[in-house]
Every structure is written in structure tokens, then in C-alpha cells.
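Take a look at the structure below.
The values are calculated or read from the model by the stated rules, or taken from the named source; none is laboratory data. Computed from a predicted model, the values in this text were never measured in an experiment. Every residue, glycine among them, receives a Cβ derived from its backbone with ideal geometry; neighbour counts consider all protein chains shown. Keep in mind that these areas ignore ligands, DNA and RNA; they rest on the heavy atoms of the full protein, side chains included. Shrake-Rupley method; radii C 1.70, N 1.55, O 1.52, S 1.80 Å.
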Protein chains: 2
Amino acid sequence: MFESAELGHKIDKATYDKEVPLLREALLDAQLDLAQSGMFPVIVLLGGVDGAGRGETVNLLNEWMDPRHVQSHGMGEPSDEELDRPMMWRFWRALPPKGKIGVFLGSWYTWPILNRVNGVTKTADLDQSLERAKRLEKMLTDEGALIIKFWLHLSKDKQEKRLKVLEKDPKTRWRVTERDWEHFKLYDKFRTVHESVIRHTSTAEAPWFIVEGEDPRYRSLTIGKMIQEAIRKRLDTPEKQPTGINAPPLLPSIDHLHILKTLDLTQKIEKKKFEEELEKYQGKLALLTRDPRFREITVVLVFEGNDAAGKGGSIRRITSALDARIYQVVPIAAPTEEERAQPYQWRFWRHIPRRGRVTIFDRSWYGRVLVERVEGYCSEADWMRAYTEINDFEAQLTRHNIVVSKFWLTISKDEQLRRFKEREKTGFKRYKITDEDWRNREKWDAYEQAICDMVDRTSTEASPWTLVEANDKYFARIKILKTLCSQIEARLKNLPKNKAT
Amino acid sequence: MFESAELGHKIDKATYDKEVPLLREALLDAQLDLAQSGMFPVIVLLGGVDGAGRGETVNLLNEWMDPRHVQSHGMGEPSDEELDRPMMWRFWRALPPKGKIGVFLGSWYTWPILNRVNGVTKTADLDQSLERAKRLEKMLTDEGALIIKFWLHLSKDKQEKRLKVLEKDPKTRWRVTERDWEHFKLYDKFRTVHESVIRHTSTAEAPWFIVEGEDPRYRSLTIGKMIQEAIRKRLDTPEKQPTGINAPPLLPSIDHLHILKTLDLTQKIEKKKFEEELEKYQGKLALLTRDPRFREITVVLVFEGNDAAGKGGSIRRITSALDARIYQVVPIAAPTEEERAQPYQWRFWRHIPRRGRVTIFDRSWYGRVLVERVEGYCSEADWMRAYTEINDFEAQLTRHNIVVSKFWLTISKDEQLRRFKEREKTGFKRYKITDEDWRNREKWDAYEQAICDMVDRTSTEASPWTLVEANDKYFARIKILKTLCSQIEARLKNLPKNKAT
């Protein structure tokens, strides 16, 4: 979930100085058009970790925008007036009217998160608060509001560094409080709760946008641009979508850095070493799946990747370690007529295995946010809601002791070309390469954007994505086997009781 | 919530014998058109209390409909195949494809309810299950499914009677099990849980329809007709609504019996008795609101009623007992420009009082499901979602120790005419009667339907509607004062701790 916000996004000063005047003008334009049309209110929520720059962002937005049409609200400790009324009253009181922008520093998420981390409430209470927040946002968007939710993130190291830097400088020292350091000690606990909050409340109508908070220039430009583009998009398409969803757009990161670019595709394993490791991890997998405790769990594997990235070969290295009676490989192609007559998820539910079994999906439910999104086979509203639906789906699986292990196999564009050509030459591999593969290749950038959004929005603590550097097949296969073994091992060691709900 | 399903709805044999052949033909027609179009699947859920006729209904539907296009599923104890997979798998397996109808006896609600009543789970767990169920239904309706949820209800007396009748008859004795009687002993507990389930999961996309289960003819015709009309409505308006909501229609009850008809409007109090009681209950109210514990709670009163039903007079009898510093009367008319620039609920939230205060709404947020619905000031989707939004809103209030007391003042059509004419004669009352009042009167039946739906869908254990027979002003005023006193008293006696969520 936070992968993309830990890459070290940066904007250099020259670019920033060039971009800011343009952005400010566009923002003012959007604001003015919004005010004149009086079409909808804009609600900007700024959440995130201490030191990630929420306060500075509010100040900057106030500086950049027309103060007549924007109002910011620091939602700190409630006043006695506010405590005397239901929790949501303070937000209702501060809601911007149509045509205006309200920026909230802290939100209806702040106190439920703090109460959970401090142990005042249980997970179930947190979930109830989140459902209330979701219902509120649903009502607001049903009433036409544009809600843009930013989550400013810092990795643990970065947060520590940032707090120290702020503390050192006499000009900013006052901003670091005792409480900030107390919170820092609870970083991991906060992270788990934050992930759960973002996963539960990133809806199709009001998705979260996670922004890396370290570099002020990157953070400011990103947030400013998102607000400007979201207002502009809505002003340009005022009519409601058929599904009632009219969300802010998902944009590529402004510094063009993304998770796939950070992968080191030159990683290699020599053949001899590969054979040793293969034997080792296949042996381990064989033992794990024959462990008596394995009957209590289930394994669902998802393989996605670029065309020709070697999914099939990797799958075969897994299945050859498994008892043929316990596994099934399910290739996912275009849906059959029977499948098209059912809701999208039906074709995957039907293949969910029993306890003690393994199902390997060769392509999967992620088709909706990859090929269907890029090729326009479904509407924006459909793939936007798919992220939430997928998270719900996988949460149901993991709740039932199912290990959900997801692999994205990445190869470089050059390596793909080499493999395509090789396949065309090799007679028995020629069937593997089609015109569609060549067409997909032309949309490389659109696919990259879709892959990054997919990982950002569906990689969770319970079922994370593993990105596999697959230019070298040996390396890829071993990484996959090793990851799979450790995930199964972890689950077997930590068998939770099954809840009767 | 169950008020309308405890009225003793009945259809006589002659009517039934006349109606059934027509309904069956219409049902078969709808089914055939549905199958041929293959446009959407229909999911019928049958929930409810034991003995309310769920099983018979399934049998009847199977008899009435074309067996090629309908399939029923008894969702009893899960099989070992099903237990080995996540809970929802068994439902996915049984989902009807587009063009077909699936009837579910028991559903994703059955086990969460049983587990809660049997104490296996807590309220928070139940809420989580309900949220999962709601998300599933949301996904299904987003994918185009038509979901029709029936709740077959019996009052406690009726359930006991029904179980005894079944037990007496050798032909039906086998249908009453040990478990049915065990459940009967838990009737009140079940009722509370059922109400919570219905309130939480009666969404705009998939509302519950509560059907009185006692009379088989009424029950069968009602359910058959609802299914037929819902399919027909959807076939006739295939395009998605702008808000993505395309719910089954709310229909008047087939025997034309409704809660307002059961009120005894002849009830009267003599003047002398009135003055005694007025003094008594105004005194009581004065004491209660001066009780030190009153500072811990808040009172929100809602007055709705027919035009000229005497809301103003009743309100004055309350306020004259209150310290002027603690109360406020908020008359709700057409929204101001400022209010129109905000979401619908904003104008009510702004008047929510502090602890220790009383706010009296003379007309209220119920305008959306009354005048706005009947006059077409908002879309069907808007007033359909308003029921859920109102329940959420009031739940937030009651969670905060706010007594939410709602009065509907009913007068007969004749009495209204008398009062209108009187007002026109009396100089100083003439301002009270407008053309609009006369126009509203013409839509008497449409308003009655809206009032009944409102009470059915928003009268909850925590904030029930009190229906007030108001042909006699004295009677009405005393009933209101008495009810209010007892509600405040109950809350003061039972001050719950405020949850920090």
C-alpha cells in the first residue's frame, strides 16, 4: 500500500520554480470557474504521519489559492461546544458550500485512529467508525461533493530523520512535540492501523491518494496538481456517471518515478546455483504442503506479469513440487458465455479451493484493473470500484486461513522484444505470440500506470504483491519459490482461530 | 420497523382466487421477458421468523413460476465442501445467471443473526458481518443484479399461535421442531437483532420489504406481486439511474390496510380532565429537565403531521413547561439559498443542541421522504437513500445520549376540511391556510403511502415514531407530553457511557 510512497520521490528546484507559476494559475482558474458555477463543494482531507508536511501543505494551499473561496480547518482537540454534540457535528459545521473548497487538517479519521493505536478501542470499534466515515462520504458524494483524500506518508527511517532535522533547526524546533516522538515509537502500530484505514475507506467515490511526504517540492506540486485536475475533471463532466461515481482522476506521479522503475532487472542467478536452489526450495515446498497443519490452510496463487515474462515456466516449477491431487492451475482468458452471465468475481469464486489445496491463477481478477482498464473494456467507475471489491474479496480469503500470494513478473521492454522475436523464430513457441501481444506492447506506458495503481491500491499486509525481476528466468523462479515457502511457513506457524461470523 | 407487519393483514379467499391466476400470468410474462432479454439476474432473499411461512413461500414460487428460469436454494447447515471455503462461497456457487431468478431460503444474514442471538459473537462482530453483506449486495447491484429482500414477520403472540396450530395438525406437526420453540423463547432478543439487521442493511439499492407472515394468502400475493412488479419495473427502465440506484419499487399493501387506518381517531379527553393532566405532565417535564442528570443528555423533538393537525399548539404546550434558556424551536420551511448550497442534512446538523438542551423541529429532515417524494422535488434515488441516511443520522444522535422523539400527528380527511374552513373564517388564523394546503390535500393517498413507508423504514427501537391521534387536540397534547416524559425518564434512568469512537 505504501510502496510507491517510499521510493524517494523528488522534484528539483529548477523544475519546481518553472512549474509552480503554471500550477498556481491553473488552480486559480479552476477555483474561479468552480465559484462561478457553484456546482459542487470540494472537500480536501489531509491525513498522514507526523512530520510528513500536512501543516505546510495547508499553508501552501492557502497561499496558492484565492482566499475568498477556500477555507482551512485544523481539526485538533474538540472544543467544549463540540464535545457536547455528536462527533460529526464539528465537520458538518465546517463543510464548504457549493462552489467553495474546504481543506481539513485532520478529519473524521483522526480520532478513530488515535483511539485504536492507544488501545482505547478495539479493531471492531475502529471498523465501525470507518463504516460511519464511509457512509458520511457516500452521502456527501451522492449529494455532489468532490472529496479528495490525501495521505501524507513517510517511511520509518524518513520520519525519524525528518523529526531530527526539524528539531535541530531553531526556526522549526517548536514544531516537534513530545507527542510526535511518542507517536514515532509506535510507528509500526500506526502503520498497521493506517493501512487498514486506507484499505477500508478507499472507495470508488472517494479514494485515498498516498503522497510521499519527504520532499516538500514533490509533495506540494503533487497535491496542488491533483486538486486542480480533480476540480477541472468534474467541471468538464458535470453530468453524473451512470453508476453515480465521479471520482478524482488517478494521475501518474509528477516526477515519473514509480515502483517498476526501482526494480533491478539485472539480477541473475547462474545455472548451477539455480539448480541447487531449485532443488532446495522445491523440497521445502513439498514438505510444507505435506505438513499435517497444511490441511488447515489453503493457498491461492496469483500470477500476473508482462507478456512473455515467464509466468508459465514459473508456475511449472511450483507445480512440479506439489502432489498432483492437491493443486489446480486455472488459466484466465476472456470470459466464457456462462461467465459473462454472472458478476465479475463469479468466475474466480468458483475456483476457490478447499482446505489443504492449492489453486494457481495464471492471470486473475486483476484483469479488471489491468487489461480491462487500459483497453477500455469496462467503464472508469467499474475499474475504480474494483480495487475495493478486490480488497474485500481477498480479505474474505485471508480471514479463512487462505494464503493469498500475488506475483507480478516484470521484464524490460527490450527483453520483451527479444523474447517475442525468439518465439516467432522457434516453431513450437510460435503459437505463444499473437498480434494482441504486439498491440499490448504499444500501450506499455498505460499498462505501467495501471500496474502501479494496482500495487498501490491492492498490496496489503495480509496479501501483499511480490514484484519479481524476471529478465533472468532463473532469478525469477527462485524468488517466487522462496517467497511462497516463507509465506506458507509463516501462516502455518501462526494459525489463527477461525471466527464464527 | 415492524409496525405495519403486525396489523393483521388479510386477503379473503374470493379475492385470492380471483387474483392468483392474473398474478401467475403476469409473473410468467415477466419471467419470460427476463429470460429472453438476459438483462440481469434476480436474487430473492427470504428471511424472517420461524413459522412466518418462508418455506411455503418458496414452494409456492416454484409452483407459480417457470421452473426452467427459477432455482431455489435452502441455505441450511453448510456442507463439508462449504465449510472448507470462505462463507460466501456457497452463495456465489448458487447465484443465478443473467435472465434467471434465484430464491434463497436463508441468506448471508442467517448465520450472523443466529451467532449473535446465541451469544457466539458480539454486536461489533454482527456489524462487521452486516457490512460485508452490504458490500456484497452493493457489488451485485453495481453489476446489474436485482436484489429483492423479503422479511417475513410475526408478532410474538402470532408466532406462538402459529407454532401451536402447526403442531396440532398431524399433517404439519413435523414442521415444528424443538429448535423453533427454543427460538420462540428468545423472541425479544431475536427481534432486537432483526431490527438492527434490517436497519443496517436496508439500502437504497437493496431495501428490505417486511411482510406480515400470518395470513398465507396475503403473504403469497404480496411477495408474488412484488417480484413481478420489481422485474417489470427494471425491464421497462433498463438504463441505469444517474445515481446508480435502480431499486425494486415501494408498493402500497395489497389489502389496502395500513398503520394510519388502525388509529382510533375518535379518542377524546374532556376539557377538565385535560387541564388536570396538562398540569401534571407539564410539571413532570419541568422537573425532569431541571434534574441534574439532564445535563448529560440532549433532547431532539420532531413534529410532523397532516396540515392543520395541530403541531404548533402541541409544541407550545411543551415549551411552556421549559426554561426558556434551554430550548429552541426550529421551523423547517423551504431551504434558504445558504442551505441549498449544502448537503441536505446540513440544515439540521447546524441546529443540533448541546447537552442539557432541547431542540424542537417543527417539520424536519423527513421532508425528503414526505413532501419531496410526493411532489417530485427530488429523484427516487434521492429519497430511497434518505431512509438509510436518516437512520444513520439518528443513530449518531442516540449514540450521543440524545433522546430523539418523533411525533406524527394524524387527523382524518374530514377533520382537516373542517379545520381548513374554520381557519378561513377566523381572521387571525387565515394566514395559516394557503393554496398549497389545498393542493396537498388532493394528494392525500400519495402522502399516506409516503407516511407509512416512512414509519416502516425509520421507526427504530432507539428512536421510534409515536403516532398521535389528533382529531381531538386535548387528547393529542396529553399523549405527546406523556410520551415525551416517559422517554426522557427512561433515558435518565439508563444513562449509557459515552463511547470514545
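Of everything in the stretch B:347-385, what is more than 14 Å from chain A (Cβ to nearest Cβ), of a type in the set (Asp, Glu) and over 20 Å from residue B:301 (Cβ atoms)? Give them in sequence order.
Our first condition is that a residue be more than 14 Å from chain A (Cβ to nearest Cβ); within the stretch B:347-385, this holds for B:360-364, B:366-367, B:369-371, B:373-377.
Next cut, of a type in the set (Asp, Glu) only: B:362, B:375.
Result: B:375, single match.
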Test: residue B:195 is in the same structural domain as residue B:101 (by TED's automatic domain parsing), open to solvent by 10 Å² or more (accessible area, probe 1.4 Å), of a type outside the set (Val, Ile, Thr) and within 22 Å of residue A:124 (Cβ to Cβ): yes
From B:355, B:373, B:317, B:347, residue being touching an Asp or Glu at 6+ places or on another chain (Cβ under 7 Å) and touching a residue at least 24 places away in the same chain (Cβ under 8 Å): B:355
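Identify all residues within the stretch B:320-344 that are without any contact (Cβ under 8 Å) to a residue 24 or more places away in the chain, in a loop (DSSP other than H, G, I, E, B) and over 29 Å from the mean Cα position of the chain (by Cα); write none if there are none.
Going through the stretch B:320-344, the residues without any contact (Cβ under 8 Å) to a residue 24 or more places away in the chain turn out to be B:324-325, B:334-343.
When the remaining residues are screened for being in a loop (DSSP other than H, G, I, E, B), the result is B:324-325, B:334-336, B:341-343.
Matches in the stretch B:320-344: B:324, B:325, B:336, B:341.
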From the options A:175, A:162, A:219, residue that is surrounded by fewer than 20 Cβ atoms within 10 Å (Cβ to Cβ), farther than 26 Å from residue B:390 by Cβ and in contact (Cβ under 8 Å) with a residue 60 or more places away in the chain: A:175
Given (1) open to solvent by less than 40 Å² (accessible area, probe 1.4 Å); (2) closer than 30 Å to residue B:390 by Cα; (3) of a type outside the set (S, T, N, Q), number of the condition residue B:7 does not satisfy: (1)
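Is it the case that the stretch A:12-30 has a residue that's assigned to a loop (DSSP other than H, G, I, E, B) and either modelled with pLDDT of 90 or more or within 14 Å of another protein chain (Cβ to nearest Cβ) (or both)?
Keep residues of the stretch A:12-30 that are assigned to a loop (DSSP other than H, G, I, E, B), which gives A:12.
From the residues that got through so far, the ones that are either modelled with pLDDT of 90 or more or within 14 Å of another protein chain (Cβ to nearest Cβ) (or both) too are A:12.
Yes, the stretch A:12-30 has at least one match.
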Residue satisfying all of: in the stretch A:442-476; in a helix (DSSP H, G or I) and among the acidic types (Asp, Glu); farthest from residue A:369 (Cα to Cα) among these: A:442
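Kindly establish whether residue B:80 is under 28 Å from the mean Cα position of the chain (by Cα) and at pLDDT below 90. Write out each step before concluding.
Values: under 28 Å from the mean Cα position of the chain (by Cα): no; at pLDDT below 90: yes.
Answer is no for this residue.
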For residue B:1: the one exception among (1) over 23 Å from residue B:145 (Cβ atoms); (2) assigned to a loop (DSSP other than H, G, I, E, B); (3) modelled with pLDDT of 90 or more: (3)
Matching residues, the stretch A:193-208, being in contact with an Asp or Glu (Cβ under 9 Å, 6 or more places away or on another chain) and closer than 21 Å to residue A:8 by Cα: A:195
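Output the residue which, of all residues in the stretch A:334-346 that are open to solvent by less than 20 Å² (accessible area, probe 1.4 Å) and in contact with a helix residue (DSSP H, G or I) (Cβ under 7 Å, 6 or more places away or on another chain), is farthest from the other protein chains (Cβ to nearest Cβ). Outline the logic, then answer.
Quick first cut of the stretch A:334-346, residues open to solvent by less than 20 Å² (accessible area, probe 1.4 Å) only: A:342-343, A:345.
Subsequent filtering for residues that are in contact with a helix residue (DSSP H, G or I) (Cβ under 7 Å, 6 or more places away or on another chain) retains A:343, A:345.
Values: A:343: 4, A:345: 7 Å.
Ranking the candidates gives A:345 first.
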Every pair of residues 6+ apart whose Cβ atoms lie under 6 Å, when the first sits in the stretch A:283-296 and is of a type outside the set (Lys, Arg) while the second is open to solvent by 40 Å² or more (accessible area, probe 1.4 Å): A:296/A:495
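Here is a list: A:296, A:275. Which entry is more than 29 Å from residue A:439 (Cα to Cα), away from chain B (no Cβ under 14 Å), charged (D, E, K, R) and open to solvent by 70 Å² or more (accessible area, probe 1.4 Å)?
It is A:275.
Which residues, counting only those in the stretch B:347-397, are hydroxyl-bearing (Ser, Thr, Tyr) and either open to solvent by 20 Å² or more (accessible area, probe 1.4 Å) or assigned to a loop (DSSP other than H, G, I, E, B) (or both)?
Answer for the stretch B:347-397, where residues must be hydroxyl-bearing (Ser, Thr, Tyr) and either open to solvent by 20 Å² or more (accessible area, probe 1.4 Å) or assigned to a loop (DSSP other than H, G, I, E, B) (or both): B:364, B:377, B:379, B:388.
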Qualifying positions in the stretch B:59-88 - touching a Pro at 6+ places or on another chain (Cβ under 9 Å) and open to solvent by less than 60 Å² (accessible area, probe 1.4 Å): B:60, B:69, B:70, B:84, B:85
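Would you check if there is a residue in the stretch A:120-127 being touching a Phe, Trp or Tyr at 6+ places or on another chain (Cβ under 9 Å) and open to solvent by 10 Å² or more (accessible area, probe 1.4 Å)?
As a first pass, look at the stretch A:120-127 and keep what is touching a Phe, Trp or Tyr at 6+ places or on another chain (Cβ under 9 Å): none.
Checking the stretch A:120-127: not a single residue is touching a Phe, Trp or Tyr at 6+ places or on another chain (Cβ under 9 Å) and open to solvent by 10 Å² or more (accessible area, probe 1.4 Å).
So that you can scan it fast, the table gives a plain yes or no per residue for (1) over 20 Å from residue B:314 (Cβ atoms); (2) within 21 Å of the chain's Cα centre (by Cα); (3) open to solvent by 30 Å² or more (accessible area, probe 1.4 Å):
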site: B:420; (1), (2), (3): no, no, no
site: B:440; (1), (2), (3): no, no, no
site: B:449; (1), (2), (3): yes, yes, yes
site: B:460; (1), (2), (3): yes, yes, no
Residue ranges of helices (runs of 4 or more DSSP H) in the stretch B:31-149 with at least 2 members closer than 25 Å to residue B:192 by Cβ and within 14 Å of another protein chain (Cβ to nearest Cβ): B:110-117, B:123-142
First in the stretch A:386-411 and within 14 Å of another protein chain (Cβ to nearest Cβ) and closer than 23 Å to residue A:260 by Cα, second anywhere and of a type in the set (Lys, Arg) and in a helix (DSSP H, G or I), Cβ under 6 Å, 6 or more apart: A:386/A:368; A:387/A:457; A:391/A:199
Filter pass, residue B:225 being among the charged types (D, E, K, R), more than 14 Å from chain A (Cβ to nearest Cβ), closer than 21 Å to residue B:8 by Cα and in contact with an Asp or Glu (Cβ under 6 Å, 6 or more places away or on another chain): no
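Restricting the stretch B:204-214 to residues that are open to solvent by 20 Å² or more (accessible area, probe 1.4 Å) and assigned to a loop (DSSP other than H, G, I, E, B), which is farthest from residue B:369 (Cα to Cα)? Quick ask: steps written out before the conclusion?
Restricting attention to the stretch B:204-214, the residues satisfying the condition of being open to solvent by 20 Å² or more (accessible area, probe 1.4 Å) are B:205, B:210, B:214.
Of the ones still in play, those that are also assigned to a loop (DSSP other than H, G, I, E, B) are B:205, B:214.
Values: B:205: 16, B:214: 29 Å.
Here the residue is B:214.
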